[in-house]
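Colleague: Encoded as structure tokens, here's the structure I'll be asking about.
The values are calculated or read from the model by the stated rules, or taken from the named source; none is laboratory data. Source: prediction; values computed, not measured. For neighbour counting, all protein chains shown are included, and Cβ atoms are generated from backbone atoms with ideal geometry for every residue, glycine included. In case anyone asks, the SASA skips ligands and DNA or RNA and just uses the protein heavy atoms, side chains included. Shrake-Rupley method; radii C 1.70, N 1.55, O 1.52, S 1.80 Å.
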Amino acid sequence: MFFSHPVATNEAVEPAVPDNPQTIIQPRMPEALSAPAVLQVWLAAADVESTQWALDQAEYDLSESVQALIAKGYEPEAIAVAAGLTLAETHGFLQAPGGQHSPEEEPGTVLL
């Protein structure tokens, strides 16, 4: 399993020196943070982040699909039924291109 964040190691850390661009800095996690329960929280947080990214991408893809069908002349009501959306949600995808939030929306709001 590959982790993208540093994990504690027992290896010595080479000090960073400005005149040596080859210096490798190996961050270490404090001993208290390497406890199994804390690592479990870290992994769960990483999973949430990954899932949020996947959700954002899926919403973007749905928005693109809805807009493409509207451009081809499909009725918003039929698209709403096919996507399991309300008509208002379907129209929401038409107001903000590519799943992007319109300027009047507050940050953190979701189109679905």
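Colleague: Within segment 49-71, track down each residue that is touching a helix residue (DSSP H, G or I) at 6+ places or on another chain (Cβ under 7 Å) and among the small types (Gly, Ala, Ser).
Modeller: Ser63
Colleague: Looking at Glu64, Glu14, can you tell me which residue is surrounded by 11 or more Cβ atoms within 10 Å (Cβ to Cβ) and modelled with pLDDT under 85?
Modeller: Just a single option satisfies the conditions, and that option is Glu14.
Colleague: Taking segment 69-100 only, how many residues are of a type in the set (Gly, Ala, Ser), open to solvent by less than 50 Å² (accessible area, probe 1.4 Å) and either in contact with an Asp or Glu (Cβ under 7 Å, 6 or more places away or on another chain) or in a helix (DSSP H, G or I) (or both)?
Modeller: Number satisfying all stated conditions: 5.
Colleague: Can you report the number of residues in segment 41-56 which are under 21 Å from Phe93 (Cβ atoms) and either loosely packed, with under 12 Cβ neighbours inside 10 Å or of a type in the set (Phe, Trp, Tyr) (or both)?
Modeller: 3
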